[in-house]
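Report on the structure given below.
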Amino acid sequence: MKNTGDKAIRTAVMAGLTAASAGVLAAIGQPLIIMLGVRAASLITIAVPAVGGILTVCSGADLISAVMKERRLAISENSTQRLDIAADGSYKEDMTSPDATRERLNRISSASPRLSGLMGNCITQLDRMDELQRRQGELLTLNQAAYLKDTVGTLDQVEKEICLNLRGVVNQCIVAGEGADVSRLDMDKVESILSQNQKLLEQSKELLVVSADWIDKYNSQEGGADRSLLDNWIKVIQDTIKGIDRN
């Protein structure tokens with residue numbers, strides 16, 4: 001900013017000197033004509049303001065250039081600051097959120113219509129997980145089965161893992177750019193991601209079935225039902241999550 005201020009002062013000085021020189025020439029015009037003659041005095045009268053004007057214009061252009069440069073630097077610094085904010089975690093898109101994931105998939109579908117089928121498959125997996133969670137919640141609410149809240153936590157964990165898996169698909173689409181099609185994606189990796197999610201969905205559905213069976217036994221046997229099968233399915237799901245490789 002100091003550099004710009006210096007240029008502004010210089011431009012103002014140039015303009016002032018140009019105006020002053022023109023005023024001086026106007027004041028001594030008659031004696032100058034007598035001393036140098038009409039033609040020479042005329043040339044000086046024209047040349048001095050012209051040179052001053054040129055210097056003023058050049059200085060002004062230099063000032064404008066400096067202002068624009070500083071503006072570009074400011075924009076660049078702001079952009080860098082935004083990137084730093086995103087990098088240090090103070091703001092980031094939550095890809096463990098099904099809503100954020102679904103929104104991102106929809107944006108990719110709009111920007112790359114030839115990927116809309118793939119994005120639709122990804123969204124379908126999110127929808128299926130939502131439905132399984134809804135059924136599990138309804139099952140526990142109907143039976144006042146607060147003792148099965150660990151199954152709700154397990155399904156919540158599955159949902160986050162599905163979202164994290166889909167981030168791998170999203171990353172590929174970002175790299176491929178707008179207007180891309182499946183030929184620009186690593187479809188082996190994409191299919192692996194969708195397969196992992198499908199496995200988690202099937203295990204979650206089985207957990208829902210086992211939960212319903214155990215609730216029936218629990219209600220009929222006054223809490224004496226063996227829940228080892230239910231616990232085994234929870235462990236199966238957790239082991240599947242631990243075994244996921246996102247590399």
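Regarding residue 190, is this residue assigned to a helix (DSSP H, G or I), assigned by TED's automatic domain parsing to the domain that holds residue 113 and surrounded by 18 or more Cβ atoms within 10 Å (Cβ to Cβ)? When the stated conditions are applied, residue 190 passes them. Under 30 Å from residue 107 (Cβ atoms), surrounded by fewer than 17 Cβ atoms within 10 Å (Cβ to Cβ) and more than 20 Å from the chain's Cα centre (by Cα), is that true of residue 137? Judged against the criteria, residue 137 is a match. For segment 194-232, name all the residues that are exposed (fewer than 13 other Cβ atoms within 10 Å of the Cβ) and outside any helix (DSSP H, G or I). Scanning segment 194-232 gives 221, 222, 223, 224, 226.
The set of residues in segment 229-247 being without any contact (Cβ under 8 Å) to a residue 12 or more places away in the chain and of a type outside the set (Asp, Glu) consists of 232, 235, 242, 243, 247. The set of residues in segment 89-112 that are under 21 Å from residue 191 (Cβ atoms), part of a helix (DSSP H, G or I) and touching a residue at least 24 places away in the same chain (Cβ under 8 Å) comprises 101, 102, 104, 105, 108.
Only residues that are surrounded by 12 or more Cβ atoms within 10 Å (Cβ to Cβ), touching a Leu at 6+ places or on another chain (Cβ under 8 Å) and part of a helix (DSSP H, G or I) were counted across segment 143-158, and they come to 6.
Selection within segment 167-184: residues that are surrounded by fewer than 18 Cβ atoms within 10 Å (Cβ to Cβ) and among the aliphatic types (A, V, I, L, M). The member of this set that is farthest from residue 131 (Cα to Cα) is 175.
The values are calculated or read from the model by the stated rules, or taken from the named source; none is laboratory data. The shown structure was predicted, so the numbers you read here are calculated from the model rather than taken from an experiment. Please note: Cβ atoms are built from the backbone with ideal geometry, for glycine as well, and neighbour counts cover all protein chains shown.
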